[in-house]
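Enquirer: Have a look at this one.
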Amino acid sequence: MNTKLIKIASVAILSSVIAACSSQTTNDIAEVPLRATGDMGVVIERATGQVQIINHTHQEVLAEIDGLGDLSHASIVYSRDQRYAYVFGRDGGLTKIDILKDKIAKRVMQSGNSIGGAISQDGKLVAVSNYTPGGVKVFNSETLELVATIDSSILTTKPKNKDGSPVRSKVVGLVDAPNNKFVFSLFDSNEIWVADFSDIEKSKTLKFAPKLTKFTDIGLFPYDALMSPDGRYYIAGLFGEDGMALLDLWHIEKGVKRILPNYGKGEQKLPVYKMPHLEGWAIAGDYAFMPAVGQHKVLVVNTKTWQQVTEIPAHSQPIFVMAQPDNRQIWVNFAYPDNNTIQIFNTETFELVKTLTPGPAVLHMEFTPRGEHVWMSVRDSNEIQIYDTKTQTLQKTLKSSSPSGIFFTNRAHQIGL
């Protein structure tokens, strides 16, 4: 009888313990705040080597992370699940940030001087374009282990480096392309290369040699490039001559052709304060809206023929020309000394909608995924301003230390960004 009572008592005590543990676990889970990645982003604070993690639904700063080195020309791409941001620093640093845990997950110094990067279509590779020592390095996106090194062309007319190695061309305009390809330009040797990583899964070695397709004599000194949103056209701007170089990736056998022969600085009487960012082009419908180099105008180009159809007079020299997600309007910022101004134009009539003066040094704009708001970095006011795109009115201001690039996580699912 006593044995039965002891067993019953033991079962009762065990049940109570299990229930208490379950209750505690449930409470613990309930107390841990969940954070989705779909409405998050990262802001570059260029002067301090920091980034801010933000939420654009609640319009708030969630965290600040330091230790990212030189962010004077930094850019960001995202993992497919939007959890990790890969930051490309000017000092050659590649930093993987966990935006759910608000910390650096991994950081490598991969070169002496880099100028941006890209993530592959399948999200498994991160590529970085380098000024010094030139070329492209490709890393495993999970571990940041080196997968491939693509040496750029040797500049035979240049004396060798101090260590005896040859001087190689700087690489610019690196973007991802469909079928796990990367496309980039070689500034000093006037080339465009396509690196094909589509067969990397078949590789049985730790280091992979991609298939390279090289196009030479594409124009003097390609300084930047962009990919059309559908991943078909790669377009490089030319610093050394008027015009641009276009590669149709659907018909790569046709090679590179020149377009827009009057685009450039050759005919300009005005000094060029800053070269436009080609990734800041707006492509809306059948038109591309692009900043004219050194001119106070936005050029309108037919994307079927790649011929200019008209031009839009603007406040000053445009830097970024960016379209709202609905393509109804374009927002334009300008070079110094007129970089306190934003102008908004209708993409159907090309008419000026509104002129705004957010403050000194408006460096970058980023639209929320469906376009109801646009965020602007106002560097010299140390703030981010958030505008309603329907009314073009200021909604909120956030503090930020010398902000520049603003990158929302929806970029994870866009080609060429």
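Enquirer: Are any residues in region 56-68 out of contact with any His (no Cβ under 9 Å at 6 or more places or on another chain) and crowded, with 17+ Cβ neighbours inside 10 Å, and if so, which ones? I'd like the intermediate steps shown before the answer.
Expert: Initial filter on region 56-68 (out of contact with any His (no Cβ under 9 Å at 6 or more places or on another chain)): 57-58, 60-68.
Hits for region 56-68 are Ile65, Leu68.
Enquirer: Separate question: Which members of region 49-74 meet the condition of being modelled with pLDDT of 95 or more and among the hydroxyl-bearing types (Ser, Thr, Tyr)?
Expert: Within region 49-74, just Thr57 meets the criteria.
Enquirer: Sticking with this structure for a sec: Output the residue which, of all residues in region 142-164 that are touching a residue at least 12 places away in the same chain (Cβ under 8 Å) and more than 19 Å from Ala209 (Cβ to Cβ), is most open to solvent (accessible area, probe 1.4 Å).
Expert: Glu142
Enquirer: Go through the residues of region 363-371 one by one and say whether even a single one is modelled with pLDDT of 95 or more, hydrophobic (A, V, I, L, M, F, W, C), open to solvent by 10 Å² or more (accessible area, probe 1.4 Å) and part of a loop (DSSP other than H, G, I, E, B).
Expert: Within region 363-371, none of the residues are modelled with pLDDT of 95 or more, hydrophobic (A, V, I, L, M, F, W, C), open to solvent by 10 Å² or more (accessible area, probe 1.4 Å) and part of a loop (DSSP other than H, G, I, E, B).
Enquirer: Have a look at Pro313, Pro271, Pro261 and point out the one that is modelled with pLDDT of 95 or more and surrounded by fewer than 20 Cβ atoms within 10 Å (Cβ to Cβ).
Expert: Details: Pro271 fails: modelled with pLDDT of 95 or more; Pro261 fails: modelled with pLDDT of 95 or more.
Of the residues listed, the single one that is modelled with pLDDT of 95 or more and surrounded by fewer than 20 Cβ atoms within 10 Å (Cβ to Cβ) is Pro313.
Enquirer: Next up: Could you list, in sequence order, all residues of region 73-116 that are closer than 22 Å to Pro33 by Cα and open to solvent by 20 Å² or more (accessible area, probe 1.4 Å)?
Expert: Once the filter is applied, which keeps residues that are closer than 22 Å to Pro33 by Cα and open to solvent by 20 Å² or more (accessible area, probe 1.4 Å), region 73-116 yields Asp81, Gln82, Arg83, Tyr84, Leu100, Lys101, Asp102, Lys103, Ile104, Ala105.
Enquirer: Given the conditions (1) of a type in the set (A, V, I, L, M, F, W, C); (2) assigned to a helix (DSSP H, G or I); (3) open to solvent by 60 Å² or more (accessible area, probe 1.4 Å), and given that Ala412 satisfies all but one, which numbered condition is not satisfied?
Expert: Of the numbered conditions (1) of a type in the set (A, V, I, L, M, F, W, C); (2) assigned to a helix (DSSP H, G or I); (3) open to solvent by 60 Å² or more (accessible area, probe 1.4 Å), the odd one out for Ala412 is (3).
Enquirer: Can you name the residue in region 278-298 that is within 19 Å of Asp230 (Cα to Cα) and assigned to a loop (DSSP other than H, G, I, E, B) and, of all such residues, is modelled with the highest pLDDT?
Expert: Taking region 278-298 and keeping what is within 19 Å of Asp230 (Cα to Cα), we get 278-290.
Subset that is assigned to a loop (DSSP other than H, G, I, E, B): 281, 285-286.
On the way: Trp281: 81, Gly285: 81, Asp286: 88.
Applying the filter and picking the extreme gives Asp286.
Enquirer: Select from region 171-215 the residues that are of a type in the set (A, V, I, L, M), surrounded by 15 or more Cβ atoms within 10 Å (Cβ to Cβ) and out of contact with any helix residue (DSSP H, G or I) (no Cβ under 9 Å at 6 or more places or on another chain) and list them in ascending order.
Expert: In the first step, residues of region 171-215 are kept if they are of a type in the set (A, V, I, L, M); the result is 171-172, 174-175, 177, 183, 186, 192, 194-195, 200, 206, 209, 212.
Filter once more, so that each one left must be surrounded by 15 or more Cβ atoms within 10 Å (Cβ to Cβ): 171-172, 174-175, 177, 183, 186, 192, 194-195, 200.
Hits for region 171-215 are Val171, Val172, Leu174, Leu186, Ile192, Ala195, Ile200.
The values are calculated or read from the model by the stated rules, or taken from the named source; none is laboratory data. Keep in mind that this is a model prediction, so the values were computed, not measured. Note: ideal-geometry Cβ built from the backbone for every residue, glycine included; neighbour counts use all protein chains shown. The protein model used for the area step is the full one, side chains on, heavy atoms only, and it has no ligands, DNA or RNA in it. Shrake-Rupley method; radii C 1.70, N 1.55, O 1.52, S 1.80 Å.
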